[in-house]
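A quick write-up on the structure given underneath.
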Amino acid sequence: MATVAFLPHRGRPQAVALTRASIDKLQAAGHECRVEEAAAELPVLAPFAVPNERLADGLDLAVSLGGDGTMLHAVALVCGS
């Protein structure tokens, strides 16, 4: 079982939809999925939100869905791990 964090650009509906579809498939296969705490503002992602200080705990993969800024934000959140 892998632990995957998704960091979508919350202002891009396609990124949010792709995140949710990916979470559904990964969870069905037995993997743990997380999103950063700010994603809790989006009802479709809220159940997967964890505090940012715990986002990288035991993380196997971080997936950034957005542009350059989203990628840099993802790196900032997980680089210490």
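The values are calculated or read from the model by the stated rules, or taken from the named source; none is laboratory data. Bear in mind the structure is a predicted one, so any value in this text is a computation, not a measurement. Note: ideal-geometry Cβ built from the backbone for every residue, glycine included; neighbour counts use all protein chains shown. The protein model used for the area step is the full one, side chains on, heavy atoms only, and it has no ligands, DNA or RNA in it. Shrake-Rupley method; radii C 1.70, N 1.55, O 1.52, S 1.80 Å.
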The conditions are (1) at pLDDT 95 or above; (2) assigned to a helix (DSSP H, G or I), and Ala74 fails exactly one of them. Which is it? (1)
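Does segment 24-41 hold any residues that are surrounded by fewer than 13 Cβ atoms within 10 Å (Cβ to Cβ) and either part of a strand (DSSP E or B) or modelled with pLDDT under 95 (or both), and which are they? Break it down stepwise before answering.
Initially, segment 24-41 is screened for residues surrounded by fewer than 13 Cβ atoms within 10 Å (Cβ to Cβ), giving 24-25, 28-30, 41.
Across segment 24-41, the qualifying residue is only Glu41.
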So, of the residues in segment 4-23 that are open to solvent by 60 Å² or more (accessible area, probe 1.4 Å) and under 14 Å from Ala74 (Cα atoms), which turns out to be modelled with the highest pLDDT? His9
Please go through segment 42-71 and pick out each residue that is in a loop (DSSP other than H, G, I, E, B), under 16 Å from Thr19 (Cα atoms) and either free of Cβ contacts under 8 Å to residues at least 12 places away in the same chain or open to solvent by 40 Å² or more (accessible area, probe 1.4 Å) (or both). Pro43, Val44, Gly66
Looking at (1) surrounded by fewer than 17 Cβ atoms within 10 Å (Cβ to Cβ); (2) in a helix (DSSP H, G or I), which is the only condition Met1 fails? (2)
Please list, ordered by first then second residue, the pairs with beta carbon atoms under 6 Å, 6 or more apart or interchain, first in segment 13-25 and within 11 Å of Leu65 (Cβ to Cβ), second among the β-branched types (Val, Ile, Thr) and not in a helix (DSSP H, G or I). Arg20/Val44
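Anything in segment 22-73 that is among the aliphatic types (A, V, I, L, M) and over 18 Å from Ala2 (Cα atoms)? List them, or say none. Explain how you work it out, then say what you get.
Filtering segment 22-73 down to residues among the aliphatic types (A, V, I, L, M) leaves 23, 26, 28-29, 35, 38-40, 42, 44-46, 49-50, 55-56, 59, 61-63, 65, 71-72.
The answer is Ala38, Ala39, Ala40, Leu42, Val44, Leu45, Ala46, Leu65, Met71, Leu72.
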